[in-house]
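Below: the structure, in structure tokens.
Please treat every number below as a calculation from the coordinates, not as lab data. Predicted, not measured: the structure shown is a model, and the values here were computed from it. Counting neighbours? That spans all protein chains shown, and the Cβs are built from the backbone with ideal geometry, glycine included.
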Amino acid sequence: MNIFISHGHDELAKLKLKEFIRESLKFNPLVLADQPSDGMTIVEKLERYGKQSQFALIILTADDETTNGGLRARQNVIHELGYFQGLLGRNKVLLLQEKGIEQFSNISGIVYEEFPKGQIEATFEGIRKALQSTGAISIPFDTPVFNPPIQEPKHSKSIKDSFNKVETVFNNIGGSVNITSTKK
């Protein structure tokens, strides 16, 4: 199953969502910028890869400042929301909206998953449920799909050595730096 991801400038949100789709749900994420252009315009490219998708996730993040100082999603993302609702049907498009962004005028009645800034993973359970309701997946509602264990990063010896050198330099110039491991 191909899941189209429409996004603004939040690259980390896009990457986390791609990984969730690929690794946890075992589906193929489609991002327009990752696809070959073959001389097409952006709209032609959207049409080609949109038709290859069976579901769309639309990420609204605070990317553009409005004249009154508010923050809104990129206008191309709003366009893609409407495009995919028309192409796939509203039940196969899920809106993922960052808290605090200005809503567009005709959003009333559109159900969306809201997430705090920088925490797109807060929508992952809602995504799974939306896909389940369309029949795309058949995992019971009480089975969490995405609960990654928190692990200590594994640093190579060269990175640890670099930290030790930085600590030595700062301490020698009269600064105070203490770099410690959080490993227990």
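Decide, for the range 2-133, between rounded, prolate and oblate: order the square roots of the alpha carbon gyration tensor eigenvalues as a ≥ b ≥ c, take rounded if a/c falls under 1.5, and otherwise choose prolate if a/b is larger than b/c, else oblate.
Numbers: a/c = 1.43, a/b = 1.16, b/c = 1.24.
Rounded, since a/c falls under 1.5.
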Rounded FRET efficiency, nearest 0.05, which uses the C-beta distance separating Thr67 from His9 and R0 of 25 Å: 0.85
Sequence ranges 26-32, 53-59, ranked by mean other-Cβ count within 10 angstrom, highest first: 53-59, 26-32
Calculated from backbone phi, Karplus (6.51, -1.76, 1.60) coupling profile of the range 5-16 in Hz, x at Gly/Pro: 10, 9, 8, x, 8, 7, 5, 5, 4, 4, 5, 4
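Ordered by packing density, taken as the mean number of other Cβ atoms within 10 Å over each peptide's residues, highest first, how do 89-98, 40-49 rank?
Details: 89-98: 19.2, 40-49: 14.1.
Ranking, from highest mean packing down: 89-98, 40-49.
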Inter-label distance, nm, simple model (7 Å from Cα along the C-beta direction), His79/Gln35: 1.5
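How would you classify the range 18-77 from its alpha-carbon gyration tensor, with a ≥ b ≥ c the square roots of the eigenvalues: rounded for a/c under 1.5, else prolate if a/b is greater than b/c, otherwise oblate?
Working: a/c = 2.84, a/b = 1.39, b/c = 2.04.
Note, shape of the range 18-77 comes out oblate.
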